[in-house]
Amino acid sequence: MIITGKTKSGFSYQIQRERLENYELLEAIGESEENASAMPKVVKLLLGKEQTNKLKDHLRTEDGIVPIEKLSEEITEIFQNQKLTKNS
């Protein structure tokens, strides 16, 4: 099953349910709560390489920077959207 959605900033995503049920994703989320440097692992486990690159390009500033805070907000929103979808 594939979960689709769109963040408030306009990033469209598709996530295979298996990715959300991956134990290694759960481990990476736990790591990222104690160490922000684990966030790239969370993003790649959740979105995969291709969508991770699309998200980074979506958030990239004119100076070519991908703001950490904005990326984190997008991932949080994706997880929150998934919870809302799951409960409906």
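The values are calculated or read from the model by the stated rules, or taken from the named source; none is laboratory data. These figures come from a predicted structure and were not determined experimentally. No Cβ is skipped: glycine too gets one built from the backbone with ideal geometry, and neighbour counts run over all protein chains shown. With ligands, DNA and RNA removed, areas are computed over all heavy atoms of the protein, side chains included. Shrake-Rupley method; radii C 1.70, N 1.55, O 1.52, S 1.80 Å.
Taking only protein heavy atoms and a 1.4 Å probe, what accessible area per residue, in Å², does the chain have with all protein chains in place?
So the chain comes to 70 Å² accessible per residue, rounded to a whole number.
Please list, ordered by chain and number, the residues whose modelled amide H lies under 5 Å from the amide H of Gly5; skip anything fewer than 5 residues away on the same chain.
For Gly5, the qualifying residues are Tyr13.
Taking a cut-off of 23 Å, what percent of all Cα-Cα pairs in the chain are separated by more than that?
Of the Cα pairs, 18 percent sit more than 23 Å apart.
Take each of the peptides 43-56, 1-14, average the number of other beta-carbon atoms within 10 Å over its residues, and list them starting from the highest.
43-56, 1-14
Ignoring everything except DSSP H segments at least 4 long, calculate the 222 nm mean residue ellipticity for the chain; use -39,500 (n - 2.57) per segment, divide by total residues, nearest 500.
Mean residue ellipticity, 222 nm, calculated: -21000 deg cm²/dmol.
Give, as a single signed number, the net charge of other residues whose beta carbon lies under 14 Å from the beta carbon of Gly10, with Lys and Arg counted +1 and Asp and Glu -1.
Result for the local shell: +1.
Roughly how many debye, to the nearest 20, is the charge dipole of the chain about its Cα centre, given +1 on each Lys and Arg Cβ, -1 on each Asp and Glu Cβ, and no other charges?
420 debye
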